[in-house]
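Presented below is the structure to which this report refers.
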Amino acid sequence: MPELPEVETVRCGLAPVLEGRVLARVVLRRQNLRFPFPEGFGQILTGNTVSRVERRAKFLLLMMDDDSVLIAHLGMSGSFRIYTSDPPDLDPHDHVIFLTSDGVEIRYNDPRRFGFMDICPVAELADYPMLKKLGPEPVHPGISGNVLSERLSGKATPIKSALLDQRIIAGIGNIYACEALFSAGVSPRRKAGTIKGKRADTLAHAIDDVLTVAIKAGGSSLRDHRQPNGELGYFQHNFQVYGRAGEPCLRCGDPVMIKKLVQSGRTTFYCSRCQR
């Protein structure tokens, strides 16, 4: 599933071609993704101007000039493609087509159809069911060690599982939780409530640093992720632990230190020597 860096990369790609543009036409090629589209989806959006393209956690938010917002989630395999001229033939999995008044065509492609799109008034966005319980954003400007410690206080769950809880911190997924914990030297087994003081400061900084570097690299392309221009992300070439079980640790050099275990149904990768 695309995590915060992948979604932020998509936001950065869409903003220049959508912000300030009128949606001249919106075409649905099916009636549902994970959920049915809102009734009149295309008609509601057609003629609207996109004022801003924003992101909240793993959700894209297209803010419209009529004070409505298009909420989009990429699911497991969703992606946007931008065509400024001569678009190729439609793919069977191109499910939504946005045409702007200056001739740009943007297609939403989703082979597994786990993504979704919805529309709600901006005034009700804070109470939208999938957004209202989200924790703070971990980047721009990021969270402090004090804030991280407060949100983890009293929690006996392992810190890796806590980082995946979107109610604690928004947007972190499996890849970047593993990488941030390694960067901070924190064991994924450590109880979340013990993350305090200097350890909390170090982990908060590591989260921000790992996510920021990943955004600059265009995210991680392991299976489905592509940037809106069709290019792959490159952060997978920077992985320190993720997907490297049985390989040498790049920090301590031990030839078999990268281990894996399953936590909350997700595979965790870590160095059993460097992370305490």
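We did not get these values from a lab; they are worked out from the coordinates using the rules stated. Keep in mind that what you see is a predicted model, and the values were worked out from it rather than measured. Reconstructed Cβ throughout: ideal geometry from the backbone, glycine too, with neighbour counts over all protein chains shown.
Here are the numbers:
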{"quantity": "Over 18 Å (Cα to Cα) - which of Lys160/Lys260; Lys160/Lys191; Lys160/Lys196; Lys216/Lys259; Lys58/Lys198; Lys133/Lys198 fall in this group", "calculated": "Lys216/Lys259; Lys58/Lys198; Lys133/Lys198"}
{"quantity": "MRE, 222 nm, helices only [DSSP H, n ≥ 4, -39500 (n - 2.57), over the chain, to nearest 500]", "calculated": "-7000 deg cm²/dmol"}
{"quantity": "Under-5 Å amide H pairs with Ser51, H placed in peptide plane, nonlocal only", "calculated": "Gly20, Met63, Met64, Asp65"}
{"quantity": "Two-site label geometry, Arg34 and Leu90: point separation in nm, points 7 Å out along Cα→Cβ", "calculated": "2.4 nm"}
{"quantity": "J(HN,Hα) series, region 265-272, from Karplus relation 6.51 cos²θ - 1.76 cosθ + 1.60, nearest Hz, glycine and proline x", "calculated": "x, 10, 7, 9, 10, 7, 9, 6"}
{"quantity": "Whole-number percent relative contact order across region 145-271, with pairs defined as alpha carbons under 8 Å at least 6 apart", "calculated": "24 percent"}
{"quantity": "Percentage of interatomic Cα-Cα distances in the chain larger than 34 Å", "calculated": "24 percent"}
{"quantity": "Sequence-separation-based contact order of the chain, relative, with Cα cut under 8 Å and 6+ spacing, percent", "calculated": "18 percent"}
{"quantity": "Cβ-defined net charge surrounding Arg167, 14 Å radius [Lys, Arg +1; Asp, Glu -1]", "calculated": "+3"}
{"quantity": "Region 4-127 - percent relative contact order, Cα under 8 Å, separation 6 or more", "calculated": "30 percent"}
{"quantity": "Distance (nanometres) between label positions extended 7 Å along Cα→Cβ at Asp67 and Glu54", "calculated": "1.5 nm"}
{"quantity": "Loop-located trypsin sites (Lys or Arg not before Pro) in region 88-140 whose Cβ has at most 10 other Cβ within 10 Å (DSSP)", "calculated": "Lys132, Lys133"}
{"quantity": "Candidates Ala214, Ala177, Ala15: whichever shows maximal mean-square fluctuation once the chain is modelled as a Gaussian network with Cα springs under 10 Å", "calculated": "Ala15"}
{"quantity": "In degrees, nearest ten, helix 174-184 long axis to first principal axis of the chain (Cα)", "calculated": "40 degrees"}
{"quantity": "Environment charge of Phe116, counting only residues whose C-beta is closer than 13 Å and scoring Lys/Arg +1, Asp/Glu -1", "calculated": "+3"}
{"quantity": "Point-charge dipole on Cβ atoms (K/R +1, D/E -1) for region 4-127, about Cα centre, debye to 20", "calculated": "360 debye"}
{"quantity": "Mean projected area (nm²) of the alpha-carbon convex hull when region 145-271 is viewed from all directions", "calculated": "7.9 nm²"}
{"quantity": "Sites Val22 and Ala156 - FRET efficiency at Förster radius 51 Å, r taken between beta-carbons, to 0.05", "calculated": "0.45"}
{"quantity": "Region 4-127: translational diffusion in µm²/s, Stokes-Einstein, Kirkwood Rh over Cα pairs, 4 °C, 1.567 mPa s", "calculated": "90 µm²/s"}
{"quantity": "Under Karplus coefficients 6.51, -1.76 and 1.60, residue-wise ³J(HN,Hα) of region 252-264 in Hz, glycine/proline x", "calculated": "8, x, 4, x, 9, 7, 7, 10, 9, 8, 9, 10, 6"}
{"quantity": "Karplus (6.51, -1.76, 1.60) ³J(HN,Hα), θ = phi - 60°, over region 9-23, in Hz, Gly and Pro reported as x", "calculated": "4, 5, 4, 5, x, 7, 3, x, 9, 10, 5, x, 9, 8, 7"}
